[in-house]
Amino acid sequence: MLLKGKHIVLGVTGSIAAYKIASLASMLVKKQADVTVIMTPNATNFINPITFESLTGNKCLVDTFDRNFQFQVEHVALAKLADVFLVAPASANVIAKAAHGIADDMLTTTLLACQCPKIFAPAMNTRMYENPIVQDNMEKLKGYGMEMITPSNGYLACGDTGAGKMPEPETLFEAIVKALTPKDLAGKKVLVTAGPTQERMDPVRYISNHSTGKMGYAVARAAMLRGADVTLVSGVTALQPPEGVKVVPVISAADMAQAVKVAASEQDIIVKAAAVADYRPAVTADEKIKKKDGELTLSLERTEDILAWLGANRLEGQILCGFSMETEHLLENSRAKLERKKIDMIVANSLKQAGAGFGTDTNVVTLLTKQGTEELPLLSKEEVADRLLDRLMEL
């Protein structure tokens with residue numbers, strides 16, 4: 001577990017968005033991170049420090065010279081301990097102080113002493129955010145190697161609508177995870193396909209399958225966190241695409257084939273996790289097929305085998321990975337697919353195995369390569385994605 005035992009410092013400034021950080025602190029603690037919250041005096045007007053102490057189990061720091069603690073040196077000790085420092089919400093005032101090395105409270109003093117990754121989530125009125133002085137200060141911080149999370153657009157507490165809204169805790173959580181993840185895929189381009197395809201019968205009906213896209217999205221997210229430039233070719237799903245991933249939406253198998261062919265020549269690694277329909281209606285009706293007495297016969301034709309095309313047209317050094325979902329003869333069918341399609345790895349799983357298959361948050365897979373077979377235990381799909389990428393990096 002990436003966050004287990006990691007020391008996360010959350011710097012909370014005087015903004016109405018401060019209340020959202022309670023949810024973020026809870027999320028981090030649930031992942032077994034050690035969380036310390038530092039608040040500016042102004043932030044305590046929006047949320048009580050006791051809230052954070054209750055959620056994290058650690059003292060919430062506000063006063064640099066609290067006589068009950070040795071805070072004269074506490075900022076240095078905490079700075080040495082921190083694995084990530086996130087300032088959220090980051091007010092224009094604290095951004096300006098950080099950009100010019102001003103350390104006049106517990107938050108800015110600790111921030112200046114930290115050498116870990118530092119992340120800012122600006123939150124302020126749109127006019128303040130767009131002010132050239134604030135923009136210059138943010139660029140200065142970027143120049144020092146600090147990350148700036150782009151604020152959302154929306155209705156602000158002041159009544160205005162525009163940029164300056166702090167992103168939701170889930171986005172901040174992802175930024176922390178990304179900062180902690182080793183960037184062993186930096187400089188690599190990775191293409192992932194995910195989700196089902198829909199093959200149109202008429203304007204109302206289509207043929208599809210039960211794929212939710214969770215496994216493919218987990219692979220795309222894991223590759224992005226590890227520093228890759230990721231393109232996700234996705235069928236229709238209910239999932240929110242990972243931040244920082246280029247998404248190419250498709251509907252049919254033909255759409256997916258076209259999208260993959262366009263992008264394939266630029267990729268170092270291609271992971272075909274989508275559940276592509278093998279057959280589609282031979283004829284698509286322009287009008288709704290009306291119900292009649294008796295049976296209806298539907299003629300089907302094969303769709304293009306995208307994985308086979310990739311194997312036949314692969315570039316030198318390109319790594320190809322496919323998925324194989326079976327209901328019988330799992331290893332035999334999957335290894336035959338590996339050899340027939342001339343690819344490097346097949347991720348095989350059985351629809352009949354508990355914890356695997358469509359729509360679950362877990363998976364039980366076997367990784368097959370020309371070099372051997374590796375059976376993985378029941379894991380979350382995020383863990384499977386990382387193990388899969390580990391093996392592809394070895395290849």
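See the values below:
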| read-out | value |
| --- | --- |
| Leu296 - accessible surface, heavy atoms, 1.4 Å probe, Å² rounded to 10 | 120 Å² |
| DSSP-defined antiparallel bridges as percent of all bridges, the range 69-197, nearest 5 | 40 percent |
| Heavy-atom accessible surface of the range 267-308: percent carbon and sulfur, 1.4 Å | 45 percent |
| Neighbourhood net charge (13 Å Cβ-Cβ; Lys/Arg +1, Asp/Glu -1) for Ser265 | 0 |
| Cα-Cα P(r), the range 330-395, percent of pairs per 5 Å interval | 4, 18, 29, 23, 19, 7, 0 |
| Per residue, the convex hull volume that the Cα atoms of the range 91-161 enclose (Å³) | 87 Å³ |
| Spin-label pair Glu53/Ala254, simplified geometry with 7 Å Cα→Cβ offset, distance in nm | 6.7 nm |
| Contour excess over end-to-end distance, with Cα ends at Arg205 and Val247 and 0.36 nm allotted per residue | 12.6 nm |
| Rg/Rh for the range 286-395, where both radii come from Cα atoms and Rh is the Kirkwood radius | 1.11 |
| Residues of the range 238-282: accessible area per residue with a 1.4 Å probe, Å² | 49 Å² |
| Contour excess over end-to-end distance, with Cα ends at Arg127 and Ala238 and 0.36 nm allotted per residue | 36.5 nm |
| Principal axis dimensions, largest first and in whole angstrom, of the range 103-143 by Cα | 30, 22, 15 |
| Simple Cβ-charge dipole of the range 299-351, Lys/Arg +1 and Asp/Glu -1, about Cα centre, in debye nearest 20 | 120 debye |
| GNM flexibility winner over the chain from Glu375, Glu316, Glu243 (Cα, springs under 10 Å) | Glu316 |
| Residue-averaged 222 nm ellipticity for the chain, from DSSP H runs of 4+ at -39500 (n - 2.57), nearest 500 | -10000 deg cm²/dmol |
| Considering only the chain, percent of DSSP beta bridges that pair antiparallel, nearest 5 | 30 percent |
| Rg over Rh [alpha-carbon atoms, Kirkwood Rh] for the chain | 1.07 |
| Proximal aspartates and glutamates relative to Lys20, as straight alpha-carbon distance under 17 Å, when same-chain residues fewer than 8 apart are discounted | Glu53, Glu168, Glu170, Glu174 |
| Highest-MSF residue in the chain out of Ala238, Ala385, Ala220 [GNM, Cα springs under 10 Å] | Ala238 |
| In Å², nearest 10: area of Lys189 left accessible to a 1.4 Å probe | 70 Å² |
| Solvent-accessible area, 1.4 Å probe, carbon plus sulfur percent, for the range 110-246 | 51 percent |
| Between helix 132-143 and the chain: long-axis angle, C-alpha atoms, 0 to 90°, nearest 10 | 70 degrees |
| For the range 87-154: accessible area per residue (Å², 1.4 Å) | 46 Å² |
| With Cα atoms, 0 to 90° folded angle of helix 214-225 axis to the chain main axis | 50 degrees |
| Folded to 0 to 90 degrees: helix 71-81 orientation relative to the chain principal axis, Cα | 20 degrees |
| Long-range lysine pairs (8 or more apart or interchain), the range 164-235, Cα under 28 Å | 7 |
| With DNA, RNA and ligands ignored, accessible area of His329 (1.4 Å probe; Å², nearest 10) | 110 Å² |
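The values are calculated or read from the model by the stated rules, or taken from the named source; none is laboratory data. The model shown is predicted, which means the values in this text are computed figures rather than measured ones. As a convention, Cβ positions derive from the backbone with ideal geometry for all residues, glycine included, and neighbour counts pool all protein chains shown. The area values use the complete protein model at the heavy-atom level, side chains included, leaving out ligands, DNA and RNA. Shrake-Rupley method; radii C 1.70, N 1.55, O 1.52, S 1.80 Å.
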